[in-house]
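Let me begin by presenting the structure, written as structure tokens, before commenting on it.
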């Protein structure tokens, strides 16, 4: 009988609050392992199954004697991304040539090498390089599209000469002999790995972690502090991962940075450090942006952090905390349903320049719980300007997270567990304290101004206003009649990569941090009238109105695009002969804010939500086999 993975209520609540502990992380890791094996089963049962079968059989053979070697590959950075890609591509590859499924051979070889198992298998070669994710890259392997990898007891002395390429070559007798001598060879330290292409044999160093002329190993970074150890491959051998960057910072630089980073995490965040030790599976170095540092997480690669060179321990610590939150939530959402179709498709996330789908919004909220813990700790330990900087970031992250929670609760169609999840997240934010606890009202006001202005600017960029609605409201204004119910709130989707809103808004936001108070609301309104197409003018107006408590603040912040569109409809373009006197933006916002009798105009249609979580019985949305150990087992998803 296949037993499903079950998350106890207490563990779910702890995870939802941002942590969970190492036991919860190990559970999520097992969940993702089951998912990867089920994907493999799906691939083997599909049209590309014959292409992957030999490699899958090798994995099954290694698992019978060294299951941890297979687990290390299945849990590693590359297996999940390969399995998802192959499962997606399978319907398009029915002949086997160039099929994504054939890349499983490289992963199977890694498991065989880690277990010192003898094998002979054809492995794809791309651009003259044979990549073994988690192990290393063999360079100068020629123009062939495949090479024969032979492992075991000194394969150069047995059948199979140089020039063999492909699954043919040595006969079955040689294979049996090699398997029989495997254990003895490993015991004598004679286990070797050869890569064979026509006219050439490349033998790996006996210790594959050592570099040679034709072999570039994957470095394994190590850090230890107070008995807690972190071991992370610096993955540079997976061709499907982003363009790799080790020129600016090689393995030695990463190793030198990891130790002080780990000491910081263990000292300041011991529980989260234990989670990282249990769940992180690798770092992928990626090119740095023009300015700053970038990082990411692949949903398919549990525990893998993609990061550009961070240069300092604090930045790397924050990156590891933030990105691992994404991995935890991705694995959790394999098991439980947090939201359902039917809510708004595109939502406001204050930490992003582009609209986000519901899942992306929840991911951002959850990742920011890690950031919040980090900056709370830093603001208590820094001094002088560094302390002020940490306090600013703590306040900004808290404001972002609170606004994200508000957006999700209002516009995402949450399941019962989704409501419970966000309630626990909100409790974690509340328990973090607030920026005003020490009486720093100036900082609180500055954060609020930036938040209000940033949302107003975002709406000008992404919210959609119908021309007919704008004309109707303009006619009502001219007739001195009430605006009535506002048109439906719509947000468009982004097409392609999205950059920030521009330097002018960034400069405005930077000025707020040092300002005692917002500028004059009246002056901000006059500035809008003079230059109504300038985004930062509307941001300043929304922020000033909010700080002075003006009627219409909500409209200026949450329907900025509507206020601007009606303003332009009434005023016309500057310089046109028929242009009417420009309306006062403050008066226009106040007029739009007057609610008609009945339901409020900022409410959305009622959506069926689950009951609150009192007495809730845990319901795992997708159950996955805990017993799906062999990649060839006849496993299936249930539930």
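Bear in mind that the values in this text are calculations on the coordinates, not laboratory data. Every value quoted in this text rests on a predicted model; they were computed, and no experiment measured them. FYI the Cβ positions are ideal-geometry reconstructions off the backbone, even for glycines, and counts take in every protein chain you see.
At a glance:
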| quantity | calculated |
| --- | --- |
| Anisotropy class of the range 217-444 from Cα gyration tensor, a/c 1.5 cut | oblate |
| Between the range 474-532 and the range 199-267, the alpha-carbon center distance in angstrom | 48 Å |
| Ranked by how many other beta carbons lie within 10 Å on average, peptides 584-596, 507-519 from highest | 584-596, 507-519 |
| Simple spin-label estimate for residue 551 and residue 68 in nanometres, 7 Å along Cα-Cβ | 7.2 nm |
| Distance between modelled label sites at residue 382 and residue 311, nm, 7 Å Cα→Cβ extension | 1.5 nm |
| Residue 240/residue 515 FRET efficiency (R0 41 Å; Cβ-Cβ; nearest 0.05) | 0.30 |
| D (Stokes-Einstein, µm²/s), Kirkwood Cα radius, the range 341-470, 1.567 mPa s at 4 °C | 82 µm²/s |
| Cα gyration tensor shape of the range 1-144, rounded if a/c is under 1.5, else prolate or oblate by comparing a/b with b/c | prolate |
| Efficiency of FRET from Cβ geometry, residue 389 and residue 57, R₀ 60 Å, rounded to 0.05 | 0.60 |
| Sequence-separation-based contact order of the range 415-543, relative, with Cα cut under 8 Å and 6+ spacing, percent | 36 percent |
| Likely footprinting exposure, 386, 235, fewest C-beta neighbours within 10 Å first | 386, 235 |
| Extension gain from residue 337 to residue 475, taking 0.36 nm per residue of separation minus the Cα-Cα distance | 45.0 nm |
| Gyration tensor (alpha-carbon) shape descriptor, the range 305-398, a/c threshold 1.5 | prolate |
| Using a Förster distance of 51 Å, the FRET efficiency for residue 464-residue 154 (Cβ separation, nearest 0.05) | 0.15 |
